[in-house]
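The values are calculated or read from the model by the stated rules, or taken from the named source; none is laboratory data. What you see is a predicted model, and the numbers here were worked out from it, not measured in a lab. Glycine gets a Cβ as well: all are built from the backbone with ideal geometry, and neighbour counts include every protein chain shown.
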Amino acid sequence: MRRLDDPLSPLIDQLHKDGRLRVWSLVITIFGDAIQPRGGRVSTARLQEILERMRIEPGALRTALSRLAKEGWVIREREGRRSFYRLSSKGIAEFEPATRRIYAPVQIDAGKDWIMGLAADRSARAKIEVDVLASQGLVLGVGGFLWQANEAPDPEWLRKRGILTVTGQLNDVPPAFKLAVAPEALRSAYQKLMTDFSDLEAADLAPLDAFVARILLVHHWRRIVLRAPELPIALQPKDWPAAKGRGFVAQLYRDLVAVSEPWLDRPVAGGMTTLPPPDTSFSRRFS
């Protein structure tokens with residue numbers, strides 16, 4: 001139920017407006033952001049308290065956990081009448097590289113080699129774009145593709161898709177070309193995130209509210225940075241919002257962590273389960 005004068009209402013409303021709500025994806029965000037640094041094990045009661053604050057019903061959480069367990073992402077454990085979940089080895093393996101990208105500092109790409117590609121068959125471009133994004137490549141605004149040379153697909157993968165490539169460093173790129181290649185959808189995503197969270201003041205929030213805001217922030221940020229690699233600095237137009245966006249997220253995240261961590265320190269109502277303190281990697285996020 002929506003609360004009157006709820007400081008999180010705009011963010012929670014937006015969460016429910018963004019199409020079909022993928023509760024399982026939210027659960028993975030919670031695990032990666034808050035549970036893995038604190039021992040990796042969480043009670044269903046704690047997860048439900050978080051999701052109820054987002055106006056998500058218990059049945060939706062049960063369905064999400066069942067799906068994650070069936071697909072091998074999480075393992076269920078029981079202690080009497082209480083249920084606990086932890087990421088499986090598969091879930092940890094999938095999430096560790098994503099975690100590095102989500103909480104990385106501002107990138108530096110000087111001296112790196114890049115592979116730029118162009119689809120020979122333009123009629124197949126839509127399907128090729130899907131494959132490029134799945135390979136962690138970047139779709140450029142002029143119809144090209146880009147990978148770091150050491151992370152690019154193998155030559156046979158490129159040949160099968162009819163992608164012609166050139167390899168080299170990105171030096172002295174003309175401003176007009178930067179404007180042409182910059183993906184406008186990525187620019188809009190940065191700007192929307194900063195707009196959506198611009199009115200949030202961590203100091204004004206209760207610990208649970210700060211924790212929920214933190215999860216929503218990371219969930220939105222995760223969808224931006226995991227969808228495709230960041231545009232290399234050498235190709236960024238003068239007003240490109242990547243560094244500003246990451247700086248905004250990093251500062252707001254630190255503010256929300258300071259207020260929200262006490263909520264994770266306390267036992268869950270009725271469950272009397274506590275989480276261990278966060279490990280040392282937690283304090284290095286965004287640094």
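When the residues of the range 159-188 are filtered to those that are assigned to a loop (DSSP other than H, G, I, E, B) and more than 16 Å from Leu235 (Cβ to Cβ), which remaining residue is nearest to the chain's Cα centre (by Cα)? The extreme case among them is Arg161. Is one or more of the residues making up the range 101-108 more than 19 Å from Arg222 (Cβ to Cβ) and modelled with pLDDT under 90? Yes: one or more hits. Put simply, of Ala228, Ala258 the only residue that is in the same structural domain as Asp196 (by TED's automatic domain parsing), part of a helix (DSSP H, G or I) and either out of contact with any Lys or Arg (no Cβ under 8 Å at 6 or more places or on another chain) or of a type in the set (Val, Ile, Thr) (or both) is Ala258.
Counting only strands (runs of 3 or more DSSP E) that fall entirely inside the range 1-113 and contain at least 3 residues that are over 19 Å from the mean Cα position of the chain (by Cα) and among the charged types (D, E, K, R), the qualifying elements are 74-79.
For the range 136-168, name all the residues that are polar (S, T, N, Q) and at pLDDT below 85. Within the range 136-168, Gln136, Gln148, Asn150 meet the criteria.
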